[in-house]
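First the structure, in the form of structure tokens, and then the observations on it.
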């Protein structure tokens, strides 16, 4: 057996871990630099760049919009996804595999193409509002996460428990709400969290669906970076990392972080 | 008896009808959403591109241009190199993580998961700081007198590869760690008892057993790196376009929406090919393990 105290293995692993962590650590340091451009190591210490983040209207409104779209898209994906996974796992459906592929098909289309195609079909052809189109795009991003995670836990369920409830006179919907749903609770939370964070961080889908009053946070940062090179971006990065860390703590507290790694396509 | 039987069958038929109807109702919103919001828009951009001679003239024109060929080849090469590097770096790290005590392993999993959940802009921005003209690396090399003037590291194909490796390494590692954990260590112990040195055990005993995990990781990384937008946009600049940045440039900067559609369709075909290969490989491997 190759042991963890193998010197070659330790050396390679530590170098690779350093490569993964050090750059993020460096961003944190540069966010506190007092120079007008980004220095590393920093010259002086200041919090002014964090204040500057909140002085950028695009960042503040972008955060609100990204947060809103991520919550709505994840909820929508669950609302559509859970019933269809229930149908796929509990009923004998002809060509069930084709349905599985159909519901995972958003992963087969590059995200930038989803945004591009939605812009042409929904915004230009059907004249739908940008916000609706944006929501649709993010819903498509979230649906595969929901389908994969919920299918994994739904197939593990013992269907006889639900059947027992029917025999004792419980209605289908009541049995689903009080028995099936609570027993897949943790994968619902996991699916919501993964959907939320992926939607919140997504750039390619939102790229074509930006408007004068509609900015998502990641695309706002991208635009800011085209014209500026100052520690404001470091500061907003630090805030985003704190946000990620907070979500991870929440997930760990409620369902354990392992639930997130169960998603394997 | 006959009456009972017929009552039973009508009841049964009725139940099947109800079941079919509820299955239909439960699937309907999802099917409609996919057809209306995904298939329709994609077909809508695809149809006009197949106009003209044999329907392929747009694609032939696109591929005849040396510039476009360059973009296509750059996209594939960057994705391929990214895949190879993430595998080379990820494999030892995954073995190391998978074999730790559970407390250490959980801690390391958090370290791997954190970048995956952090915004791609943040993760690419850090390489602008490092590779930029007055960046960390140039400053360091100048101070150590290795170079006389700053190197042009940013806005190159190499910068895109570095950024992509940084972006996709955690995904490769998560895919590999779970496969390493499924390995039976007794096989390696047997190899060691029979006199195999660790390096030989690693290549001849472990890697063959990890084929599924390695292929899954490789295909996920390849498809991801091939279609990523943020990294080539931030680290490649305007001169080093890949397919995804080409779509955006054709549509938004040049206003040439039909060319953008052609690029989009080619990118879809490539993604479907790559991801379809993964399903095929997974099926083949499943069948082989059943036969064994």
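The values are calculated or read from the model by the stated rules, or taken from the named source; none is laboratory data. Given the structure is predicted, the values throughout are model-derived calculations rather than measurements. Virtual Cβ from ideal backbone geometry, glycine too; neighbours counted across all protein chains shown.
Hey, any hits in region A:75-88 for a residue that's within 18 Å of the chain's Cα centre (by Cα), under 30 Å from residue B:230 (Cβ atoms) and without any contact (Cβ under 8 Å) to a residue 60 or more places away in the chain? Yes, the conditions are met somewhere in region A:75-88.
If we scan region A:71-91, do we find a residue that is on the phi < 0 side of the Ramachandran plot, in a helix (DSSP H, G or I) and out of contact with any helix residue (DSSP H, G or I) (no Cβ under 9 Å at 6 or more places or on another chain)? Can you show your working first?
Step one: filter region A:71-91 for residues on the phi < 0 side of the Ramachandran plot, giving A:71-91.
Within this subset, residues satisfying the condition of being in a helix (DSSP H, G or I) are A:71-90.
When the remaining residues are screened for being out of contact with any helix residue (DSSP H, G or I) (no Cβ under 9 Å at 6 or more places or on another chain), the result is none.
No, there is no match, as no residue in region A:71-91 is on the phi < 0 side of the Ramachandran plot, in a helix (DSSP H, G or I) and out of contact with any helix residue (DSSP H, G or I) (no Cβ under 9 Å at 6 or more places or on another chain).
On the stretch given as region A:150-178, residues that are surrounded by fewer than 16 Cβ atoms within 10 Å (Cβ to Cβ) and assigned to a helix (DSSP H, G or I) total 12. On inspection, residue B:73 passes the criterion of being part of a helix (DSSP H, G or I), more than 30 Å from residue A:97 (Cα to Cα), out of contact with any helix residue (DSSP H, G or I) (no Cβ under 7 Å at 6 or more places or on another chain) and modelled with pLDDT of 95 or more.
Filter region B:251-264 down to the residues that are in a helix (DSSP H, G or I) and surrounded by fewer than 20 Cβ atoms within 10 Å (Cβ to Cβ) and list them by number. Let's see the steps before the verdict.
Just the residues of region B:251-264 that are in a helix (DSSP H, G or I), to begin with: B:251-253, B:257-264.
Once the filter is applied, which keeps residues that are in a helix (DSSP H, G or I) and surrounded by fewer than 20 Cβ atoms within 10 Å (Cβ to Cβ), region B:251-264 yields B:252, B:253, B:257, B:258.
If you go through region B:92-125 and keep only what is in contact (Cβ under 8 Å) with a residue 24 or more places away in the chain, at the interface with another protein chain (Cβ under 7 Å from one of its Cβ atoms) and under 24 Å from residue A:37 (Cα atoms), you end up with B:120, B:121, B:125. Restricting to region B:232-254, name every residue that is under 17 Å from residue B:166 (Cβ atoms) and facing chain A (nearest Cβ under 10 Å). Once the filter is applied, which keeps residues that are under 17 Å from residue B:166 (Cβ atoms) and facing chain A (nearest Cβ under 10 Å), region B:232-254 yields B:233, B:234. Scanning region B:180-193 for residues that are part of a helix (DSSP H, G or I), free of Cβ contacts under 8 Å to residues at least 60 places away in the same chain and either more than 10 Å from every other protein chain (Cβ to nearest Cβ) or crowded, with 23+ Cβ neighbours inside 10 Å (or both) turns up just one, B:193. Taken together, the criteria exclude residue B:89 from residues that are assigned to a helix (DSSP H, G or I) and more than 8 Å from chain A (Cβ to nearest Cβ). Entry remark, region B:211-250: residues being modelled with pLDDT under 90, in contact with a helix residue (DSSP H, G or I) (Cβ under 9 Å, 6 or more places away or on another chain) and outside any helix (DSSP H, G or I) number 2 in total.
Scanning region A:105-135 for residues that are assigned to a helix (DSSP H, G or I) and either under 15 Å from the mean Cα position of the chain (by Cα) or away from every other protein chain (no Cβ under 12 Å) (or both) yields a total of 7.
Within region B:10-30, take every residue that is more than 7 Å from chain A (Cβ to nearest Cβ) and touching a helix residue (DSSP H, G or I) at 6+ places or on another chain (Cβ under 9 Å) and give me the one that is nearest to residue B:247 (Cα to Cα). Write out each step before concluding.
Of the residues in region B:10-30, the ones more than 7 Å from chain A (Cβ to nearest Cβ) are B:10-18, B:20-22, B:24-25, B:28.
Imposing the further condition that a residue be touching a helix residue (DSSP H, G or I) at 6+ places or on another chain (Cβ under 9 Å) reduces the set to B:22, B:24-25, B:28.
Numbers: B:22: 42, B:24: 38, B:25: 38, B:28: 33 Å.
Here the answer is B:28.
I'd like to check something: does region A:125-133 contain any residue that is touching a helix residue (DSSP H, G or I) at 6+ places or on another chain (Cβ under 6 Å) and closer than 27 Å to residue A:208 by Cα? Checking region A:125-133: at least one residue is touching a helix residue (DSSP H, G or I) at 6+ places or on another chain (Cβ under 6 Å) and closer than 27 Å to residue A:208 by Cα. Here the helices (runs of 4 or more DSSP H) wholly within region A:199-265 that include at least 1 residues being free of Cβ contacts under 8 Å to residues at least 24 places away in the same chain are A:217-227, A:232-254, A:258-261.
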